[in-house]
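What follows is one structure encoded as structure tokens, with my remarks underneath.
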Amino acid sequence: MLRVYNTLSRTKEPFEPVHEGKVGIYLCGPTVYKPSHIGHMVGPVIFDAVKRYLAYSGYDVTLVVNVTDVDDKLIAESQRRGVPMAQLAAEMTTDYMNNLEALGVDAIDHFPRCTETMDEIIEFTRTLIEKGFAYEARGDVYFEVGKCPGYGKLSHRGIEATQGDGGGMAERKRAGADFALWKSAKPDEPSWPSPWGPGRPGWHIECSAMSRKLLGETFDVHGGGLDLMFPHHENEIAQSECCHGRPMARYWMHNGLMQAGSEVGKVGGRHTRAAEGDLASQEIGKISKSKGSEPFRDLLKQFSGETIRFFVLSTHYRRPIDFSEQRLREVETGMDTFHRFFKRFERVMGCNYYNIETPKRINEWDFPRDGHPFLLAVTKRSANFLSCMDDDFNTGGAIGELFELVRLLNKYVDDENLEEPENRTSDNLQKLRIGAKRLRELASTLGLFRNPPQESSGSGDDELTGKLMELLIELRAESRRKKDFATADQIRNRLTEIGVVLEDRPGGTDWSRK
């Protein structure tokens, strides 16, 4: 049974959707005022994988990620650059979408914009005023926190910890903890007409209005970074539950923050260390625009999107993710284990691994149960993978089981000596096909290894490199035939130093960039 850690209760709970067979997920997206950095990619990658696994488990899932395209930061940046806010937001939204595409994040169903939800935001605010939970003050509208029973139940922080809005707005509020639902327009700022005069929405009301519009008054999962738990998510709960008189979301899932730090653990290990780091400690190392992290599009010049996706999913979503280029290089090395097997599968089977058709749902498994040790071992690894995912979407543990499965497949090829054509039978090839199909099926639930790695562009330099590698491989083979092993080893070692891996196999030697 699937169990999910609920921040609201601080426990793992059985997953029981509001409506049987259907799941609605809302994830807080970016404020699009500067290019995205890697920290912005963590949530979308995680919840893209969560949706894939839930769909694989038989649920009809709707995933919503909002885009905040009107905000104080956006206005300030547009004024600094001397461009309209809408133009800046559109430019940065395009950057964000391009980055998601590179990561294989394509399971999101809706990207609502604040500027496209203005009517719903105004209506939501009007209802809160009518019910006595909000008040108007000289063109601003504030939520009166003191009238919200149970405020602080998500973050376990009370009203006294809430600062609310400062500056001139503080003079208009009844209490310091009250927060803005609607902000009156300042000169030369974008604004929209409202019953309280021209203005724009506060941050928190945007998500309440967008989630209700697309998922209803109560939905299943609300996600976001740990840093959003207070005050953003706490205020969302307050205004939504006071407006509707019912819970906003059944489960609150908060992912750890991306940090510039030390290594997390060895790629390919079956287990990852226990959750650690509260919000305060994670905030110290948090990667953010203000700390000068590089635009994500620049990182994509060094690493593939799939490498970065694999890196994010290698850690349990509730833990902080320690980012470093060294760690990404280690992930690349770990992924090579899979890529080498995919090539090996093609050599042995004569068909492309990426063309294997797999079941889309877990109940469509067509696994023979003939008691063969290899197939039993594949079944065990598959069950372990599912157990990891059913335990609060433990993608790190699940990836560890994928490593064990690919090792099992390679061992079967070695034990049966399937690189030699004369050893291939219909029976052992069928077993290998079954195991490879299971690997592809499970990896796909994480959005991994769905497509071949991007090939080189075929430029003249790439063609020359290929020919030079063929020459070096021939020279090394000739040295080995002459029993000049020192020269053969020197060629391999020098190639390794510059990032080229040689793989000897029956019938020849393959090479790949490390």
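The values are calculated or read from the model by the stated rules, or taken from the named source; none is laboratory data. Being a predicted model, the structure only gives us computed values, none of them experimental. Methodologically, a virtual Cβ is constructed for each residue, glycine included, from the backbone with ideal geometry; neighbour enumeration extends over all protein chains shown.
At a glance:
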{"quantity": "Top-ranked residue of segment 72-127 - restricted to ones that are among the small types (Gly, Ala, Ser) and in a helix (DSSP H, G or I), ranked as farthest from PRO201 (Cα to Cα)", "calculated": "ALA102"}
{"quantity": "Residue that is loosely packed, with under 12 Cβ neighbours inside 10 Å, free of Cβ contacts under 8 Å to residues at least 40 places away in the same chain and hydroxyl-bearing (Ser, Thr, Tyr), where the choices are SER387, SER479, SER426", "calculated": "SER426"}
{"quantity": "Per-region count, segment 200-225, residues in a helix (DSSP H, G or I) and modelled with pLDDT of 95 or more", "calculated": "12"}
{"quantity": "Residue that is surrounded by the fewest Cβ atoms within 10 Å (Cβ to Cβ), among those in segment 448-476 that are at pLDDT 85 or above and closer than 30 Å to PHE47 by Cβ", "calculated": "ASN451"}
{"quantity": "Residue match in segment 412-431 (condition: of a type outside the set (Gly, Ala, Ser) and at positive phi)", "calculated": "yes"}
{"quantity": "Residue among GLY164, GLY197 that alone is modelled with pLDDT under 95 and not assigned by TED's automatic domain parsing to the domain that holds TYR251", "calculated": "GLY164"}
{"quantity": "Search result, residues across segment 9-27 that are buried (at least 22 other Cβ atoms within 10 Å of the Cβ) and hydrophobic (A, V, I, L, M, F, W, C)", "calculated": "VAL23, ILE25, LEU27"}
{"quantity": "Test: residue in segment 47-57 that is part of a loop (DSSP other than H, G, I, E, B), closer than 24 Å to SER208 by Cβ and out of contact with any strand residue (DSSP E or B) (no Cβ under 6 Å at 6 or more places or on another chain)", "calculated": "no"}
{"quantity": "Segment 33-75: number of residues that are in contact with an Asp or Glu (Cβ under 7 Å, 6 or more places away or on another chain) and of a type in the set (Lys, Arg)", "calculated": "1"}
{"quantity": "Any hit, segment 162-175, residues being of a type in the set (Asp, Glu) and in contact with a strand residue (DSSP E or B) (Cβ under 7 Å, 6 or more places away or on another chain)", "calculated": "yes"}
{"quantity": "Count of residues meeting criterion [among the polar types (S, T, N, Q) and outside any helix (DSSP H, G or I)] in segment 367-417", "calculated": "2"}
{"quantity": "Selection from segment 422-451 of residues that are small (Gly, Ala, Ser) and assigned to a helix (DSSP H, G or I)", "calculated": "SER426, GLY435, ALA436, ALA443, SER444"}
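Here's the yes/no breakdown for (1) within 30 Å of MET1 (Cα to Cα); (2) not acidic (Asp, Glu):
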| site | (1), (2) |
| --- | --- |
| ASP391 | yes, no |
| ASN394 | yes, yes |
| ALA398 | yes, yes |
| LEU405 | yes, yes |
| LYS411 | no, yes |
| PRO421 | no, yes |
| LEU429 | no, yes |
| LEU442 | yes, yes |
